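*Asks:* Below are the structure tokens for one structure; questions will follow.
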Amino acid sequence: MKGAPFSLILLPTLRCDADCDYCFEKKAEHHITLGQLSIVAQKVMDHMEYNHIESLSIYWQGGEVMTLPPEWLEEANGIIQAIADRRNRQVAHYLQSNMIAYTGKWNRVLAGMFGSSVGTSMDYPNLHRRLKGGGPKEYERLWTRNVRQARKAGIEVGVIAIPNEQTLEIGAERFYSHFVDELGIADFQINTPFPGGSENDVKMNYPLDTARLSGFLADLADIWIEQGFHKGVRVGPFNKLMDYFIHGSKDLLCIWRDNCVNDFVCIDPLGRVAQCDCWVTSYPEFHFGNVLAEGSLSDLLRNSEARRQLRARPVELIRKQGCLDCKYLTLCHGGCPIRAYTFYGDVFRRDPYCELYMRLFQHMEELAAGSLSAGLSTK
């Protein structure tokens with residue numbers, strides 16, 4: 001029986017063509033060479049063999065991946081696949097892009113390497129995503145044009161949206177209609193903002209007000225149930241929570257894994273290894289090591305003091321943060337460590353959106369119970 005894949009968040013470049021207000025990464029001109037990528041891939045495969053893992057999921061992020069030429073991605077894919085074939089391992093690739101540099105030249109790579117799909121991000125209304133030297137309106141204009149062109153070319157586009165104060169003011173119905181009815185997006189996800197990376201005025205307002213945001217999410221979930229649930233529209237995290245409460249599925253967001261250190265690591269173009277892209281680009285005190293400068297990835301992960309701290313987090317939350325008394329402990333596990341660290345300066349604190357999650361879980365549990373009583377299902 002095949003186990004879970006090893007998940008790698010790969011940052012081939014830290015270069016970006018955007019300058020978003022709430023970005024949690026420190027940008028730079030670094031990009032990995034194909035020779036360095038080959039070393040990284042071989043060490044990842046060594047780690048997989050050592051741990052008897054058969055498949056690898058690579059999540060290509062940045063920086064912005066599309067600041068690299070599409071031909072470079074094709075060469076990179078060939079290098080990784082050749083190494084995987086020699087090791088009898090399977091590889092799946094997933095791409096997250098802001099789509100600002102997208103042109104039709106990317107369609108062959110998106111089809112051949114990424115299964116004709118791409119993940120991107122856009123907010124409504126857009127206040128904080130902007131081009132370098134430009135504003136939110138120009139960013140949104142380019143994004144909308146490019147996403148429509150990609151979808152016309154047969155590329156499936158999934159969207160991550162970050163709510164802001166104006167999002168809460170316009171309300172869930174207008175928000176839902178914008179993405180589903182106006183843009184034709186049938187797969188989008190709501191993520192909570194957090195003050196990662198360098199400080200600025202926008203991040204000073206995070207986390208958003210729990211009562212207002214939880215009310216918005218509850219309304220959005222209700223609208224999704226009424227208008228999109230039975231039409232195949234996927235709105236995260238609601239669809240995954242429905243599957244959890246109806247079918248017991250544990251395919252949840254990374255912020256609610258039992259411990260994210262058990263599921264994935266991130267490697268940047270300099271070979272630095274950490275838990276995810278925020279840790280690796282902005283918090284060197286939580287680097288696990290450097291896979292290009294050190295020995296095996298397995299040894300690096302096993303010997304990292306920073307990783308030991310993250311591994312200990314769930315137990316510490318139960319001992320000191322009262323999580324043991326929470327009804328939803330086995331679902332939430334204390335939430336996201338990077339959100340806790342960027343807000344409190346302490347990984348051994350609960351996610352600052354803890355109360356929001358509890359309200360959301362309760363609401364989704366009630367919606368799932370209603371669906372079951374009506375003889376409906378998400379599958």
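The values are calculated or read from the model by the stated rules, or taken from the named source; none is laboratory data. Just so we're clear, the structure is a prediction, and the values are computed from it rather than from any experiment. Note that we place each Cβ from the backbone using ideal geometry, even for glycine, and neighbour counts take in every protein chain shown. Quick note on the areas: whole protein, heavy atoms, side chains included, nothing else; ligands and nucleic acids left out. Shrake-Rupley method; radii C 1.70, N 1.55, O 1.52, S 1.80 Å.
*Asks:* Any chance you could run the full-extension gain for Glu165 through Asn290? It's 0.36 nm times the residue separation minus the Cα-Cα distance, nm to one decimal.
*Replies:* 41.1 nm
*Asks:* Still on this structure, please answer the following. Just reorder Ile79, Ile223 by solvent-accessible area, largest first, 1.4 Å probe, all chains present.
*Replies:* Ile79, Ile223
*Asks:* Could you list which residues have their amide H under 5 Å from that of Glu156, counting only those 5 or more apart in sequence or on another chain, with H placed in the peptide plane?
*Replies:* Those qualifying (amide H under 5 Å, at least 5 residues apart or on another chain) are Ser117, Val118.
*Asks:* Take every Cα pair under 8 Å in the chain that's 6+ residues apart, average their separations, divide by the length, and report that relative contact order as a whole percent.
*Replies:* Reported relative contact order: 18 percent.
*Asks:* Hand me the GluC sites (Glu not before Pro) from segment 195-304 located in a DSSP loop with no more than 12 other Cβ atoms within 10 Å, in residue order please. Mind dumping the intermediate values first?
*Replies:* On the way: sites: Glu199, Glu226, Glu285, Glu294; in loops: Glu199, Glu294.
Answer by residue number: Glu199.
*Asks:* List the trypsin sites (Lys or Arg not before Pro) within segment 343-376 that DSSP assigns to loop and that have no more than 10 neighbouring Cβ atoms inside 10 Å.
*Replies:* none
*Asks:* Where in segment 3-33 does the amide nitrogen come within less than 14 Å of the point 7 Å from the Cα of Cys254, taken along Cα to Cβ?
*Replies:* 6-12, 24-25
*Asks:* Under 5 Å between amide hydrogens, which residues at least 5 positions from Gly271 or on another chain qualify, with H placed 1.01 Å from N in the peptide plane?
*Replies:* none
*Asks:* So what is the calculated 222 nm ellipticity per residue for the chain, using -39500 (n - 2.57) for each DSSP H run with n of 4 or more, over all residues, to the nearest 500 deg cm²/dmol?
*Replies:* -13000 deg cm²/dmol
*Asks:* Using a simple spin-label model with points 7 Å from Cα along the Cα→Cβ vector, what separation in nm is obtained for Ala312 and Arg145?
*Replies:* 5.4 nm
*Asks:* Label Asn303 and Lys132 with points 7 Å out from Cα along Cα→Cβ: what is the distance between them in nm?
*Replies:* Label at Asn303, label at Lys132, 3.7 nm between them.
*Asks:* Using a Förster distance of 22 angstrom, determine the FRET efficiency expected from the C-beta separation of His52 and Asn262, and round it to 0.05.
*Replies:* 0.90
*Asks:* For segment 93-143, just say rounded, prolate or oblate: build the C-alpha gyration tensor, square-root its eigenvalues into a ≥ b ≥ c, call rounded for a/c under 1.5, and beyond that prolate if a/b exceeds b/c, oblate if not.
*Replies:* Verdict is prolate for segment 93-143.
*Asks:* In whole Hz and in residue order, list the ³J(HN,Hα) couplings for segment 119-135 that follow from phi through the Karplus curve 6.51 cos²θ - 1.76 cosθ + 1.60, θ = phi - 60°; x for Gly and Pro.
*Replies:* Ordered by residue, 3J(HN,Hα) equals x, 9, 9, 7, 9, 9, x, 7, 10, 10, 8, 8, 6, 5, x, x, x Hz.
*Asks:* A further question on this structure: Can you bin the chain into rounded, prolate or oblate? Criterion: square roots of the alpha carbon gyration tensor eigenvalues sorted a ≥ b ≥ c, rounded for a/c under 1.5, prolate for a/b above b/c, oblate for the rest.
*Replies:* Because its axes are fairly even, with a/c under 1.5, the chain counts as rounded.
*Asks:* Efficiency by 1/(1 + (r/R0)^6): what FRET value for Leu372 and Lys152, r their Cβ-Cβ distance, R0 = 30 Å, to the nearest 0.05?
*Replies:* Given R0 = 30 Å and the Cβ-Cβ separation, E is 0.15.
*Asks:* Search the structure for amide H atoms under 5 Å from the amide H of Ser57, placed 1.01 Å from N in the peptide plane, and list their residues when 5 or more places away or on another chain.
*Replies:* So Ser57 has HN proximity to Phe6, Ser7, Leu8, Ala92.
*Asks:* On a 1.4 Å probe surface of the protein chains, which of Arg86, Arg145 comes out largest in accessible area, and what is the full order? Spell out each step's value before the answer.
*Replies:* Numbers: Arg86 170, Arg145 110 Å².
My answer, sorted largest first, is Arg86, Arg145.
*Asks:* When all protein chains stay in place, what accessible area (Å², nearest 10, 1.4 Å probe) is found for Phe6?
*Replies:* 20 Å²
*Asks:* Carbon and sulfur: what percent of the chain's accessible surface (1.4 Å probe)? Numbers along the way, then the final one.
*Replies:* Working: 8180 of 16590 Å².
Solvent-exposed carbon and sulfur of the chain make up 49 percent of the total.
*Asks:* Another one. Tell me, what is the per residue accessible area of the chain in Å², probe radius 1.4 Å? Working shown, then result.
*Replies:* Details: 16590 Å² over 379 residues.
So the chain comes to 44 Å² accessible per residue, rounded to a whole number.
*Asks:* Under the 0.36 nm per residue contour assumption, what length would be gained going from the current alpha-carbon distance of Glu29 and Tyr328 to full extension? Intermediate results must be reported in sequence, preceding the final value.
*Replies:* Details: separation 299, 0.36 × 299 = 107.64 nm, distance 4.25 nm.
Result for the pair: 103.4 nm of gain on full extension.
*Asks:* Could you order Ile267, Ile160 by accessible surface area, starting with the largest, using a probe radius of 1.4 Å?
*Replies:* Listed by decreasing accessible area, they come as Ile160, Ile267.
*Asks:* Another question, if that's okay. Extension gain Ser116-Gln227, at 0.36 nm per residue separation less the Cα-Cα distance, in nm?
*Replies:* Taking 0.36 nm per residue and subtracting the Cα distance, the gain is 37.3 nm.
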